[in-house]
Amino acid sequence: RRLQETMEDDSMEVEETPKEMSQESSVPWSTTARRLCSVMNDFGDSLESSQDDLNKVEDCVLRELCSNALHALDTRFFGKGATRSWCRVEIGLARREDGMWLAVRDSGCGMTRGDLANRLMAPGVSRVDKGDENEWRTALEKRDALTLAFGQRPLGVGLLAAFAIGDVIKVCTKNNDDDTYILNAVLGASSYEIKRPKNDQDAFFIGGLCDTNYFPRAQGTIVAIRIKAGKWTQQIQKVEILQGILAALNDTSHYGLSFVSDEIKIQQDDDIIPSPSNQDKDREEDDEEMDTAPIPNQDKEHLSSRRRSYRERSKYIPLRLSYQERKYLRLIEAAVKVSGYIDRIDTANAAKRPARRKQLQLQGIAAILAGIITAIDPERGTALTQEPEFSIQDNKRLARAFEITRRYKILNPEKMRTEYGQLIYFLQDAANPEIAQALGLDIIIPVKTVYTLLDECDGLDLLDDPLIPDATCEVLPDKNKSRAQIQQKINRKNKAVQMLKHRYAIGRLSPDHIELCLCSICDNESYLNSSRLPIDLTLAALRTHFAPIQNNNYPSLAISDDDGSGSRLSHSHQRQYRFAEQSLALWRDIVDDMFRLWHLAEADLLSGDSPYSLRDTGQGLQRVQSCPRTYAATVSILTDARAAARSNSNSSAWVGSSMVHMGDHNVPNALTFLDKYAQVARILRPLMTVLRRSIELCDQDKSIHALINAKYSSVQNYKIQVLADFFRHAFDGSGADNFYDAGSCVDGRLTSAWNWCNTVQQKPYYIIFKLTGFAGFDGELA
């Protein structure tokens, strides 16, 4: 079936919902969320019937709900340029057979399925973003509800604060980049449910709060809470208190907040929910509003720049390994290669028998860890065979060895392509609270970074020195510069390094420490340059040869979904140009932030309180796990890319969908996400290399030159034809059986590019590719 007509601007691509996807899924609560629900519930139940206390808790819960609604309105108002007449919040009460319900409805941006699982139901994510996660988690460990949610300056717990006054939370939401979703969370349950509505009656789910004719065609969200019986039902019915809270919120908000008592009726107002017959007209009006509405100053917190300071970047730059640490690296790499752990654990038979699988996990993990200890210290290994109990010293050795291996991989993403995935899945099981408690081990420690070393040695001022760019730059060969000019740059770099050593080598910060930090930053610069260069070259080729200007004689990039080429999109030349340009720019932004994304991905994978489920996703058994930190960072990068696209005079709006697949059957977990975007350079680098070598080959071999001239009339025309085919069919939405898996979504763009790579052997120019020495796009796998 087709998604409902959206009210997105004309750059929005409608994606088709696959018929084979299940309509509902049960998502297990994370350990943190489950504990937080318990804390909120206990606090709400323990309160005496003091009117001041009840008023305060009610005020905090309602403010939390309205804060989410107002943030959604901000996202739509600032991001889309919608007028304020579209932005409103409605709050109301309704008594139904199953109890009293409090509901909050907004006409904001709505949420995707990823937002529901990775943001709304993942408490503490905003704390990670703001850097005060430790304070938040300390309050949670102490079950300090006042500090978390109900004190003078609460840290905030999001939607789950509602469990202080309610026992059921229901959400119905629609985002223009995704389908309509319904979430049902019950206090005390082991999981919550996320599903698509099967019919109009499914939208009638919130205790009958909506009209039976209502179906959320346009973007927006309804959140409803079933109030606990007793004191809270009596408290919530005091309408004057609700109205007072609402009046205070209205004083601080520039959006309209309205209150409806006794019954919530969400009418089909033409200003909010267009009828099917008027949707096209309303979309055009919305586009006009987006173009003409004045956009206030954007919230800087929502648009984070990828151009961070060295102090900020150093938090995610791993330290280069020493000679002694490389011994541990070789040991862990060899152990992973021969273990075969994943081949025994992630099987269909093991998945059907959870108890047996848990036993195999314990046996396998204990055996591998004991083998590593034996390789490090044979005498201690012998003692382990007689008394199989790990000591504190064993824990430190293992934690250090695994940290070294993870650090090496982050610093060298192209290495350990096979072994790293097996290692992370092994550590993911070892971090499971039940297994860690059974073994008495905690082998997951933070990766050592430039920032942590300088912080320990009181040398963070080094990162603010203006000589840092010179001391950490990568000096590359350049045909446009003489040997003397290159040597001058090398001498300048060496002199900057020596001056920094002389200035900051004081106390615990030795010259060796400074050189290690500078070399590590230089390694980071080298990776960014090598990964970003192919994207920059591809972007330059696109803008040089295919810019939509008058008198452009180059081939058209226009594609159509009915021309038999396999394309799933229909774009004019100008639209396809913008689509390819914005996709490449987004990939470059993600690559620029890859080290930070890698740290966040490992934090999601190895958190221990976010369980995974072993499911057949259509590509074999995969570990499907929510990844809130990685998802939030990716959405932030996407927001910046969309803002840049809108501010660019050459492209008026974002083309395609903004749907980010993460924690579903397309991108099961954060490891898959890392692997997908590590492939970008492996796709573009061979393409650019082939085109460059083709020109060089023609200068060297007249017969090859004659061959190209016979087929393409000139070498330049051959290059243009190859690039035109790439920009058409590497960004045509192909590569899957439905629009949900491919199409124009963020991940579908990369799927289309890989699909083009898989079909390059069928292209007429492939023979010339082979003559240049082309071997493939993926490189050599272990």
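Just so you know, all these numbers are worked out from the coordinates, no wet-lab data involved. Everything numeric in this text was worked out from a predicted model, so none of it was measured. Here Cβ is always computed from backbone atoms with ideal geometry, including for glycine, and neighbour counts include all displayed protein chains.
Data for the structure
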| quantity | calculated |
| --- | --- |
| Point-to-point label distance, Lys231-Asn494, nm (Cα→Cβ direction, 7 Å offset) | 7.6 |
| Environment charge of Arg320, counting only residues whose C-beta is closer than 12 Å and scoring Lys/Arg +1, Asp/Glu -1 | -1 |
| R0 of 51 Å, Cβ-Cβ distance Asp98-Glu312: FRET efficiency to nearest 0.05 | 0.55 |
| For q = 0.11, 0.20 Å⁻¹, Debye-computed log10 I/I(0) when each Cα of the range 484-607 counts as one equal scatterer | -0.68, -1.14 |
| Sequence ranges 628-639, 346-357, 603-614, 94-105, ranked by mean other-Cβ count within 10 angstrom, highest first | 628-639, 603-614, 94-105, 346-357 |
| Dipole-positive endmost among Leu476, Ala367, Val450 within the range 359-496 (Cβ charges, Cα centre) | Leu476 |
| Listed residue pairs exceeding 27 Å between alpha carbons, taken from Lys481/Lys763; Lys195/Lys352; Lys315/Lys337; Lys415/Lys448; Lys315/Lys495; Lys195/Lys315 | Lys481/Lys763; Lys315/Lys337; Lys195/Lys315 |
| Viscosity 0.692 mPa s, temperature 37 °C, Stokes-Einstein D of the range 404-519 from Kirkwood C-alpha radius, µm²/s | 188 |
| Separation of the Arg143 and Gln679 label points, Cα + 7 Å toward Cβ, nm | 4.8 |
| Peptides ranked, highest mean first, by Cβ atoms within 10 Å: ranges 158-166, 36-44 | 158-166, 36-44 |
| Difference of contour (0.36 nm per residue) and Cα-Cα distance, His502 to Asp343 | 52.0 nm |
| Rounded to the nearest 20 debye, dipole of the range 574-681 from Cβ charges on Lys, Arg, Asp, Glu | 340 |
| Cβ-Cβ FRET estimate between Ile445 and Ala248, R0 fixed at 41 Å, reported to 0.05 | 0.35 |
| Computed FRET value (nearest 0.05) for Tyr323 with Asp465, which takes r as the C-beta separation and R₀ as 35 Å | 0.80 |
| Sum of side-chain charges, Leu621 neighbourhood, beta-carbon under 13 Å (Lys, Arg +1; Asp, Glu -1) | +2 |
| Within the range 310-331, backbone nitrogen closer than 16 Å to the virtual label 7 Å beyond the Cα of Lys415 toward Cβ | 317-331 |
| Residue-span extension gain [Asp609 to Asn480] - 0.36 nm each, minus C-alpha spacing | 41.0 nm |
| Cβ charges +1 (Lys, Arg) and -1 (Asp, Glu), total dipole of the range 615-742, debye | 280 |
| Potential lengthening between Ile549 and Ala710 on full extension [0.36 nm per residue; Cα-Cα distance subtracted] | 55.0 nm |
